[in-house]
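J.: The structure follows.
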Amino acid sequence: MQKGNIGVTTENIFPVIKKFLYSDHEIFLREMVSNAVDAVQKMKTLKERGDYKGELGDLTVRVSMDADKGTITISDHGIGMTEEEIDKYINQIAFSGVADFLDKYKDNANNIIGHFGLGFYSSFMVSKKVEIITKSWQEGAKAVKWSCDGSPAYQIDDAERADYGSDIILYIDDDCKEFLDKYKLETLLNKYCKFMAVPVAYGKKTEWKDGKQVDTDEDNIINNVEPLWTKTPSTLKDDDYKQFYRTLYPMSDEPLFWIHLNVDYPFNLTGILYFPKIKSNIELQRNKIQLYCNQVFVTDQVEGIVPEFLTLLHGVIDSPDIPLNVSRSYLQSDREVKKISTYITKKVADRLSAIFKDNRKEYEEKWDDLKLFINYGILSEEGFYDRAKNFALMKDVNGKFFTFDEYKTLIEASQKDKDDTLIYLYATDREEQYSYIKAAEDKGYSVLLLDGQLDVPTIQTLEQKFEKSRFTRVDADIIDRLIVKADAPTMTLTDDERDNLSAVFKTQLPKIDKTEFMVQVDALGAEARPVIITQNEWMRRMKDMSRFQQGMGFYGQMPDSMNIVLNADHPLVKRVLDDCNEHTAEALKPILSELKGQEARLAAIRQQQDKKKYDELTQEDRDLKSEAEKAVQAEKDKKQAVIADYAKTNDVVHQLIDLALLQNGMLKGEALDRFLKRSVDLIK
C-alpha cells in the first residue's frame, strides 16, 4: 500500500475545482468517457504497430450506474496503467497557484481543464470519492487501485482485475444526485458521446414483454462510431445525408442543401453543414451546429469558428486542430480558427454558386428559404457580397427570378428618373399593396417582392453597392413621384383653395394610435385616384431597421408618418371643393376679411421689427408681435371650425378618406362598420 499527497502547490485544489467549474459540471462525463476511448484507441494502435501480440477482444467502453451505491462507473478495455504511470499522470498536477487561476480561469470550466490537463479531475466536480482500478497491458503488470476522497491525500493498493484496462468509479456527491437518474445520464451520454470513435454501451436494450419493458442481452450502444462526416462524399447518396440530418434534428423539416467539408491542409477539418428551412425568427435557429474534436462533442456555441451568418446553418464540424476543451475567447483570437472561418465561408459560397449554375430551376424554387442566409451574409460578413452577387436573386411580384445584373438590364431603360438614378420599386406584401403595384405596372414598371425577414435591411447595403441606384417601396409616394421623369405639372388651384381643400379632409381624419397624418394637394390627373395614402420611404425603412439593429430603437418608438395626397384633378375632389366654397362662403366672408386685416398688421409689425437686432427689441415690441400672431391664429381657427362643420356632414369626404384607409388596411372596428353603412346609403 502506498499513501501520499497529490503534487499541487495549493493547499487544496478540490474545493476550487468544485466552486469554479460548477456551472459546467456535466462535462465530467465527457471527460471520463473520452479518456476511456483514448485508452482503447491507444491499445488499437499498439496492436497495429505489432507491439501487442494478443487479441484485442471487446473494446466497448461501458458506462453503468448504481443508484443504491450512489456510483457511476466507466470501464474500458484499453491500455491501463501501472503504479508508476498513476503516479506520473494522476498524482502530479501542473498547477501554479490559486491567484493565477482565479484571475484567468474562473469564468469557464473548459479553460481550467484544458490549460492544466485536469480532464480526469473534472470527476471531482460531482464526486466525493473517486477510485481507479486499473491493469496495464504490459506483460507481468499487476492490477492497482487508486482512491482519493477529494482531498490532496490519495491511496494506492493492490487490486484484482482479470484483464488489462481501467474502471473509474465515481461516488457521486450529495449535491449532485441528479446524475444518478438513469434518463439524465442517458441524455448526457447522447449529448457528449453520440459519435465517439469506440462503441460506448449504457445498459441493455429493452423490449416489450408481458406488458412491460424488460432488458435483453444486447448492449445498448449509444453512439455511432462512423458518423457520416467521416466517410468519403463520393460513397454517399442524398438519402444518407437526409437520414443523418433526421438523426441530428428529429423534428425538423428536410434541409434545403448540404455541404460536406473535408480538408487536411492548412488544417484538418471535416463535417457536414445543412441549410435548414427558416421562415422567421432567426434567433431561435442559432446554436444548431455541433463542434467535435475527433468525434468528441465540444460545444454548440460555434461563434468564432463559423461566421455569424452561418450560425444559422445546422450540422457538424469536427477538427482535431481545435482543442477539446476550448474557450470562447480562444475561438475569437486564434489565427487558425480564423482560417477555418474563412474556409467555411468560401466553401458555402462555392457550393451555392455551383448549385445555382448546375440547376437554376431547383435553386429558384428554394430561394425563399435560402435568401435569409444570403441576406444575413451580405449584412454581417465583410466581403460576402462580392462572393454572393452572382448567385443572389431578386424576385418580382409575378414570381420571376433575376440575378442582380439581369434585373438591372431589365429596368435600366424604363426606371431611371430625370437625374439618371435607377429606381428599384418593391413591395413587401403583394395583396396589401396590390393597387400600388398595379399603378406601377400600368406605367410599365417592374416591382420586386421583398417579403423576407432581412430583405428590407439588405437594400441599405445594396444601395451602397449598386451604382447610382435607389430602392423605393411602391406605396412610398404617388406613382409619378416614385420615378420622377419631369417637373411636376402646374397646380391650377389658388393657395386659398388648396388650404380649404386640405382643411376639409384634415379635420375629418381619424385618430389612430401611433400614426400621424399630413395632407397635401397635388395635380395627379383626372384618371388617378382621388385620395392616396403614402408613407415616407426613409422613415419607414428606419423603423424596419430598428427591429434588427442595436442603437436604432428610438425609430421604432416614433409614430408612423402617413401622407394623405388629394388629387386636385379628380372630379370628386373638385366637387368637394366647389361644394365647400358654396356652403361656407357666407360664414367665411367676415372671417376672411378680419384674417386679411390681421395678417397685414402682423406683416407690418414683422417688417418694422426685422430692421432691429434681436437684443434691441423691447418687451413691448415682443408683446405686440405675439398679440398679432395670436389674432391671426384665432381667425385661422375660426376658418377651420367653419370648414370642419361643413366637412363633417359631407359623406363624400368621409367615403374618400375611408376608401384610402381601407386600401392600406387602416380601417377597422367601429370606423369600418360606419363605412359599410354609409356605402349602402350612398348606393340607395
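The values are calculated or read from the model by the stated rules, or taken from the named source; none is laboratory data. Not measured: the values here are computed from a predicted model. Here the Cβ positions follow ideal geometry from the backbone for every residue, glycine too, while neighbour counts run over all protein chains shown. Note: areas computed on protein heavy atoms with side chains; ligands, DNA, RNA excluded. Shrake-Rupley method; radii C 1.70, N 1.55, O 1.52, S 1.80 Å.
J.: Give me the strands (runs of 3 or more DSSP E) completely within the range 138-239, filtered to those with at least 3 residues that are β-branched (Val, Ile, Thr), ordered by residue number.
T.: It comes to 165-172, 212-221.
J.: Only one of LYS395, LYS371, LYS408 is modelled with pLDDT of 95 or more, buried (at least 18 other Cβ atoms within 10 Å of the Cβ) and either of a type in the set (D, E, K, R) or closer than 21 Å to PRO255 by Cβ (or both); which?
T.: Going through LYS395, LYS371, LYS408 in turn, just one is modelled with pLDDT of 95 or more, buried (at least 18 other Cβ atoms within 10 Å of the Cβ) and either of a type in the set (D, E, K, R) or closer than 21 Å to PRO255 by Cβ (or both): LYS395.
J.: Residues of the range 351-368 being closer than 25 Å to ILE317 by Cβ, part of a helix (DSSP H, G or I) and open to solvent by less than 70 Å² (accessible area, probe 1.4 Å), which ones?
T.: LEU352, SER353, ALA354, ILE355, PHE356, TYR363, listed by residue number.
J.: Let me ask another. Just one of (1) of a type outside the set (Lys, Arg); (2) within 25 Å of the chain's Cα centre (by Cα); (3) at pLDDT 90 or above; (4) open to solvent by 20 Å² or more (accessible area, probe 1.4 Å) trips up THR235, so point out which.
T.: (2)
J.: Of LYS639, LYS612, which residue is more than 53 Å from the chain's Cα centre (by Cα) and open to solvent by less than 70 Å² (accessible area, probe 1.4 Å)?
T.: Only one candidate qualifies: LYS639.
J.: Name the residue, out of ALA604, ALA644, that is without any contact (Cβ under 8 Å) to a residue 40 or more places away in the chain, over 23 Å from ASP477 (Cβ atoms), open to solvent by less than 80 Å² (accessible area, probe 1.4 Å) and part of a helix (DSSP H, G or I).
T.: Sole residue among the options that is without any contact (Cβ under 8 Å) to a residue 40 or more places away in the chain, over 23 Å from ASP477 (Cβ atoms), open to solvent by less than 80 Å² (accessible area, probe 1.4 Å) and part of a helix (DSSP H, G or I): ALA604.
J.: Among what's in the range 441-487 and is basic (Lys, Arg) and not in a helix (DSSP H, G or I), pick the residue that is farthest from the chain's Cα centre (by Cα).
T.: That would be LYS485.
J.: While we're here: If you check ILE72 against the conditions, is it at pLDDT 90 or above and either among the acidic types (Asp, Glu) or surrounded by 19 or more Cβ atoms within 10 Å (Cβ to Cβ) (or both)?
T.: Values: at pLDDT 90 or above: yes; either among the acidic types (Asp, Glu) or surrounded by 19 or more Cβ atoms within 10 Å (Cβ to Cβ) (or both): yes.
So ILE72 fits the description; yes.
J.: When LYS625 is evaluated against the numbered criteria (1) under 30 Å from VAL474 (Cβ atoms); (2) open to solvent by 40 Å² or more (accessible area, probe 1.4 Å); (3) of a type in the set (Lys, Arg), which criterion, by number, is the only one it fails?
T.: Evaluating LYS625 over (1) under 30 Å from VAL474 (Cβ atoms); (2) open to solvent by 40 Å² or more (accessible area, probe 1.4 Å); (3) of a type in the set (Lys, Arg) leaves (1) as the failure.
J.: Here is a further query. Return yes when LYS347 is of a type outside the set (Asp, Glu), buried (at least 20 other Cβ atoms within 10 Å of the Cβ) and either touching a helix residue (DSSP H, G or I) at 6+ places or on another chain (Cβ under 7 Å) or within 19 Å of LEU313 (Cα to Cα) (or both) and no when it is not.
T.: No: the conditions fail for LYS347.
J.: Something else about it: Can you pull out the residues in the range 414-440 that are part of a helix (DSSP H, G or I) and free of Cβ contacts under 8 Å to residues at least 40 places away in the same chain? Quick ask: steps written out before the conclusion?
T.: Here is the first cut: in the range 414-440, the ones part of a helix (DSSP H, G or I) are 434-440.
Correct list: TYR434, LYS438.
J.: Something else about it: So ALA94 clears everything in (1) modelled with pLDDT of 80 or more; (2) open to solvent by 60 Å² or more (accessible area, probe 1.4 Å) except one condition, right? Which one?
T.: (1)
J.: Does TYR183 satisfy being among the hydroxyl-bearing types (Ser, Thr, Tyr), within 28 Å of VAL33 (Cα to Cα) and over 29 Å from the mean Cα position of the chain (by Cα)?
T.: For TYR183, the condition - among the hydroxyl-bearing types (Ser, Thr, Tyr), within 28 Å of VAL33 (Cα to Cα) and over 29 Å from the mean Cα position of the chain (by Cα) - is met.
J.: Additional query: Could you tell me whether any residue of the range 440-447 is open to solvent by less than 10 Å² (accessible area, probe 1.4 Å), among the small types (Gly, Ala, Ser), closer than 25 Å to ASP368 by Cβ and modelled with pLDDT of 90 or more?
T.: Checked the range 440-447: at least one residue is open to solvent by less than 10 Å² (accessible area, probe 1.4 Å), among the small types (Gly, Ala, Ser), closer than 25 Å to ASP368 by Cβ and modelled with pLDDT of 90 or more.
J.: Among the numbered conditions (1) surrounded by 12 or more Cβ atoms within 10 Å (Cβ to Cβ); (2) touching a strand residue (DSSP E or B) at 6+ places or on another chain (Cβ under 8 Å), tell me where THR187 comes up short.
T.: In the conditions (1) surrounded by 12 or more Cβ atoms within 10 Å (Cβ to Cβ); (2) touching a strand residue (DSSP E or B) at 6+ places or on another chain (Cβ under 8 Å), THR187 misses (2) alone.
J.: Scan the range 199-216 and tell me whether some residue there is farther than 19 Å from PHE275 by Cβ, exposed (fewer than 13 other Cβ atoms within 10 Å of the Cβ) and touching a Lys or Arg at 6+ places or on another chain (Cβ under 8 Å).
T.: Yes, the conditions are met somewhere in the range 199-216.
J.: Test each condition in (1) within 26 Å of GLU497 (Cα to Cα); (2) of a type outside the set (Val, Ile, Thr); (3) exposed (fewer than 12 other Cβ atoms within 10 Å of the Cβ); (4) in contact (Cβ under 8 Å) with a residue 24 or more places away in the chain for LYS589 and report the one that comes out false.
T.: That leaves (4) as the condition not met.
J.: Quick test for you: out of VAL225, VAL263, pick the one residue that is more than 31 Å from the chain's Cα centre (by Cα) and of a type in the set (A, V, I, L, M, F, W, C).
T.: On inspection, the qualifying residue turns out to be VAL225.
J.: Another question, if that's okay. Just wondering, is there one or more residues in the range 152-173 that are free of Cβ contacts under 8 Å to residues at least 12 places away in the same chain, more than 30 Å from LEU56 (Cα to Cα) and over 43 Å from the mean Cα position of the chain (by Cα)?
T.: No, every residue in the range 152-173 fails to be free of Cβ contacts under 8 Å to residues at least 12 places away in the same chain, more than 30 Å from LEU56 (Cα to Cα) and over 43 Å from the mean Cα position of the chain (by Cα).
J.: Let me ask something else about it. For the range 612-627, check the following and say yes or no: at least one residue is under 23 Å from LEU592 (Cβ atoms) and touching a helix residue (DSSP H, G or I) at 6+ places or on another chain (Cβ under 8 Å).
T.: Yes, that holds for at least one residue.
J.: Considering the range 270-289 alone, what residues qualify as being part of a strand (DSSP E or B) and either of a type in the set (Ser, Thr, Tyr) or modelled with pLDDT under 90 (or both)?
T.: As a first pass, look at the range 270-289 and keep what is part of a strand (DSSP E or B): 270-275, 289.
Residues satisfying the conditions are THR270, TYR274, ILE289.
J.: Tell me which of these LEU659 doesn't satisfy, since it passes every other one: (1) over 14 Å from ASN500 (Cβ atoms); (2) open to solvent by less than 70 Å² (accessible area, probe 1.4 Å); (3) not hydroxyl-bearing (Ser, Thr, Tyr).
T.: (2)
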